[in-house]
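To keep things clear, I will list the structure first and then write my remarks on it.
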Amino acid sequence: MKYEKLFSPITLRGVIFPNRIQRTSMVTGLTTEDGRVTEDLIRRYQREAKGGVGALVVEAAVIIPSKSPYNLRISSDEFVPGIAEMVQAIRETSSEVKIGIQIMQHLKLSRSGWRQKVEDFQTHELPHIVENHVAAARRSLRAGFDFIEIHMAHAYVLSSFLSRANRRTDGYGGSLQNRMKLPVQVFQAVRSEVGEAFPLGIRMNGEDFHLSGNTLAQSSKIAVKFAQTGADYISVSGGSRFEDALTPPEGSPPDPMSGYSGHRMSPWFWWPDGANVYLAEGVRETIRKAGFHTPIVTAGKIREPEHAERILRQERADIIGLCRTLLADPDWPIKAKEGREAELVRCGACNSCLEADSRYEKVSCSRWPEGLLNAPDSFRPAMARPSDIKKEFI
Ligand SMILES: Cc1cc2nc3c(=O)[nH]c(=O)nc-3n(C[C@H](O)[C@H](O)[C@H](O)COP(=O)(O)O)c2cc1C
């Protein structure tokens, strides 16, 4: 086998993940406006599961009642049956893939340009943030997921508590110790809800990529704390912070993807491949030195199986996160495993998917035939002309 590391299994709390490829969380815009599962959403995940990915993290699910159009919701019990049906459908497509969900509390935004900040929460409201995550975890268990990822990266509540930009003065901001307090409380409360046998990971920023944000100096210490607290994996992302967003046009909310920080989460075509691997490597090195073996996930423009294998061999990370790479070609894992690299449809890092997400539109890949929400089954680069593909697959 050419990519031995990539296709070696990994066990987290007794749950066997068949390979080291994790489809990282990706908002799809395929839910109903009020956040319910649709046939299109189910088909998107089934398509990805079919391609041989080892772990699939379902998109950031909103855990609070709020207006947040076309985002998957797990903010009340009424959403559980739809999500459970989706999990079941993915499982029927692949019995091997392990299915997780990313639970996320976002900061509220308005078209006037106002955005909620961590300093806006009253101290007595903080326990609600913990409870929101616990309730979402309980629903995730009922929906049948194999694991849960707590979202502590990018532009949302927990990453903003962790950030150096958090200026709270009530013991939950300022020093690193204080900034970690709430995210650690959330983690511990979710752990007691899901129990000791259930894999629970976190996603965090290795670097916030704005002047007042965290760098590796802080994020490696945060990672050590979560390794100590029992995180089963730490997925290291970066950027996508509001502090660096451009001033939005009137009538539009600020977009955390619009500034330099935003450009680092899903590196554009002008960044080298693996632009964020050094962050995972830095975090990994620190937590290994501290004596922890917590697996580290890296993501960000990893497009070649050979590159993914090299990252693992060089012990820069333990799991390879692919998002746009799998959106462009859900069969990437199976093609890599079978040595069919020539047939890979490569992500061009054009970020038309990300821009659609920012516009609250359906997320699809610019390399697919127009109008198709899920990749055609035997999508080949040789069939690049949409008119040809349309004839063949629609
Ligand atoms: C359209 C889109 C939506 C995304 N949504 C999420 C999300 O919900 N949660 C998250 O942690 N990351 C999200 N990401 C970031 C990806 O998970 C991933 O870390 C990033 O795109 C880099 O990997 P890639 O180069 O393989 O795409 C999103 C990325 C894209 C392009």
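Please identify the pairs in which a residue from segment 300-328 that is closer than 21 Å to residue 374 by Cα and within 13 Å of the ligand (Cβ to nearest atom) has its Cβ atom under 8 Å from the Cβ atom of a residue that is part of a loop (DSSP other than H, G, I, E, B) and of a type in the set (Ser, Thr, Tyr), counting only partners at least 6 apart or on another chain.
So the pair list comes out as 301/266; 321/24; 322/24; 323/24; 323/25; 323/266; 324/266; 327/364.
Identify the residue in segment 24-54 that is touching a Ser or Thr at 6+ places or on another chain (Cβ under 9 Å) and under 13 Å from residue 319 (Cα atoms) and, among all such residues, is nearest to the ligand (Cβ to nearest atom).
The selected residue is 24.
Would you mention how many residues in segment 214-264 are of a type in the set (Lys, Arg) and either without any contact (Cβ under 8 Å) to a residue 40 or more places away in the chain or in contact with a His (Cβ under 9 Å, 6 or more places away or on another chain) (or both)? Quick ask: steps written out before the conclusion?
Looking only at segment 214-264, we keep the residues that are of a type in the set (Lys, Arg), and these are 221, 225, 241, 264.
Now drop any that are not either without any contact (Cβ under 8 Å) to a residue 40 or more places away in the chain or in contact with a His (Cβ under 9 Å, 6 or more places away or on another chain) (or both), which leaves 241.
Residues meeting the conditions: 1.
In a helix (DSSP H, G or I) and either in contact with a helix residue (DSSP H, G or I) (Cβ under 6 Å, 6 or more places away or on another chain) or closer than 24 Å to residue 16 by Cβ (or both): which single residue out of 317, 308, 342 fits that description? First the steps, then the outcome.
Values: 317 fails: in a helix (DSSP H, G or I); 342 fails: either in contact with a helix residue (DSSP H, G or I) (Cβ under 6 Å, 6 or more places away or on another chain) or closer than 24 Å to residue 16 by Cβ (or both).
Only one candidate qualifies: 308.
Identify, from the list 355, 361, the residue that is surrounded by fewer than 16 Cβ atoms within 10 Å (Cβ to Cβ), within 17 Å of the chain's Cα centre (by Cα), charged (D, E, K, R) and within 16 Å of the ligand (Cβ to nearest atom). It would help to see each step written out before you state the result.
Details: 361 fails: within 17 Å of the chain's Cα centre (by Cα).
Within the list 355, 361, the selection yields 355.
Being under 23 Å from residue 326 (Cα atoms), of a type in the set (Val, Ile, Thr), out of contact with any Gly (no Cβ under 7 Å at 6 or more places or on another chain) and within 16 Å of the ligand (Cβ to nearest atom) narrows it down to one residue among 74, 83; which is it? I'd like the intermediate steps shown before the answer.
Values: 74 fails: under 23 Å from residue 326 (Cα atoms).
Every option except 83 fails the conditions.
Tell me whether segment 238-252 contains one or more residues that are closer than 20 Å to residue 64 by Cα, touching an Asp or Glu at 6+ places or on another chain (Cβ under 6 Å) and assigned to a strand (DSSP E or B).
no
Test of understanding: among 94, 160, 192, 110, which residue is small (Gly, Ala, Ser), surrounded by fewer than 23 Cβ atoms within 10 Å (Cβ to Cβ) and within 21 Å of the chain's Cα centre (by Cα)? Write out each step before concluding.
Details: 160 fails: surrounded by fewer than 23 Cβ atoms within 10 Å (Cβ to Cβ); 192 fails: within 21 Å of the chain's Cα centre (by Cα); 110 fails: within 21 Å of the chain's Cα centre (by Cα).
Selected residue: 94, the only one of 94, 160, 192, 110 that is small (Gly, Ala, Ser), surrounded by fewer than 23 Cβ atoms within 10 Å (Cβ to Cβ) and within 21 Å of the chain's Cα centre (by Cα).
Give segment 329-352 a look and list any residue that's under 18 Å from residue 56 (Cβ atoms) and either under 20 Å from the mean Cα position of the chain (by Cα) or within 11 Å of the ligand (Cβ to nearest atom) (or both), or say none. Reasoning before the result, please.
Taking segment 329-352 first, the residues under 18 Å from residue 56 (Cβ atoms) are 329-337, 347.
Scanning segment 329-352 gives 329, 330, 331, 332, 333, 347.
Tell me whether segment 267-278 contains one or more residues that are outside any helix (DSSP H, G or I), crowded, with 23+ Cβ neighbours inside 10 Å and touching a Leu at 6+ places or on another chain (Cβ under 6 Å).
no
Could you check how many residues of segment 224-242 are away from the ligand (no atom under 16 Å from the Cβ) and of a type in the set (Gly, Ala, Ser)? Step through it out loud before you land on a result.
Taking segment 224-242 as the starting set, the residues that turn out to be away from the ligand (no atom under 16 Å from the Cβ) are 224-225, 227-230, 232.
Then drop every residue that is not of a type in the set (Gly, Ala, Ser), which leaves 227, 230.
So the answer is 2.
Quick one: what pairs do we get from segment 146-173, first residue in a loop (DSSP other than H, G, I, E, B), second β-branched (Val, Ile, Thr) and within 16 Å of the ligand (Cβ to nearest atom), C-beta under 8 Å, 6+ apart or different chains?
The qualifying pairs are 146/99.
Please go through segment 77-89 and give me each residue that is in contact with a helix residue (DSSP H, G or I) (Cβ under 8 Å, 6 or more places away or on another chain) and within 22 Å of residue 151 (Cα to Cα), ordered by number.
Of segment 77-89, the ones in contact with a helix residue (DSSP H, G or I) (Cβ under 8 Å, 6 or more places away or on another chain) are 77, 79-80, 83-87, 89.
Across segment 77-89, the qualifying residues are 77, 79, 80, 83, 84, 86, 87.
Restricting attention to segment 5-23, which residues are of a type outside the set (Lys, Arg), part of a strand (DSSP E or B) and within 16 Å of the ligand (Cβ to nearest atom)?
Residues of segment 5-23 of a type outside the set (Lys, Arg): 6-12, 14-19, 21-22.
Now restrict to residues that are part of a strand (DSSP E or B): 10-12, 15-17, 21-22.
Passing the criteria: 21, 22.
Can you tell me which residues in segment 60-75 are free of Cβ contacts under 8 Å to residues at least 40 places away in the same chain and exposed (fewer than 14 other Cβ atoms within 10 Å of the Cβ)? Break it down stepwise before answering.
Our first condition is that a residue be free of Cβ contacts under 8 Å to residues at least 40 places away in the same chain; within segment 60-75, this holds for 65, 67-68.
Within segment 60-75, 65, 67 qualify.
Kindly indicate whether residue 63 is within 18 Å of residue 137 (Cβ to Cβ), among the aliphatic types (A, V, I, L, M) and touching a helix residue (DSSP H, G or I) at 6+ places or on another chain (Cβ under 6 Å). Lay out the reasoning, then the answer.
On the way: within 18 Å of residue 137 (Cβ to Cβ): yes; among the aliphatic types (A, V, I, L, M): yes; touching a helix residue (DSSP H, G or I) at 6+ places or on another chain (Cβ under 6 Å): yes.
Yes: the conditions hold for residue 63.
Quick check on this structure: which one of 294, 325, 286 is touching a Cys at 6+ places or on another chain (Cβ under 6 Å) and either closer than 26 Å to residue 54 by Cβ or of a type outside the set (Phe, Trp, Tyr) (or both)? Before the answer, list the steps.
Numbers: 294 fails: touching a Cys at 6+ places or on another chain (Cβ under 6 Å); 286 fails: touching a Cys at 6+ places or on another chain (Cβ under 6 Å).
Selected residue: 325, the only one of 294, 325, 286 that is touching a Cys at 6+ places or on another chain (Cβ under 6 Å) and either closer than 26 Å to residue 54 by Cβ or of a type outside the set (Phe, Trp, Tyr) (or both).
Between 233, 260, which is closer than 30 Å to residue 358 by Cα, touching a Phe, Trp or Tyr at 6+ places or on another chain (Cβ under 8 Å) and hydroxyl-bearing (Ser, Thr, Tyr)?
On the way: 233 fails: touching a Phe, Trp or Tyr at 6+ places or on another chain (Cβ under 8 Å).
Matching residue, one of 233, 260: 260.
Considering only segment 32-59, state which residues are over 18 Å from residue 321 (Cα atoms) and either surrounded by fewer than 14 Cβ atoms within 10 Å (Cβ to Cβ) or touching a Pro at 6+ places or on another chain (Cβ under 6 Å) (or both).
Within segment 32-59, 33, 34, 39 meet the criteria.
Exactly one condition in (1) surrounded by fewer than 24 Cβ atoms within 10 Å (Cβ to Cβ); (2) not in a loop (DSSP other than H, G, I, E, B) is not met by residue 201; state its number.
Among (1) surrounded by fewer than 24 Cβ atoms within 10 Å (Cβ to Cβ); (2) not in a loop (DSSP other than H, G, I, E, B), residue 201 violates only (1).
We did not get these values from a lab; they are worked out from the coordinates using the rules stated. If you're wondering where the values come from, they're calculated on a predicted model, not measured in any experiment. Neighbour counts run over all protein chains shown; Cβ positions are idealised from the backbone, glycine included.
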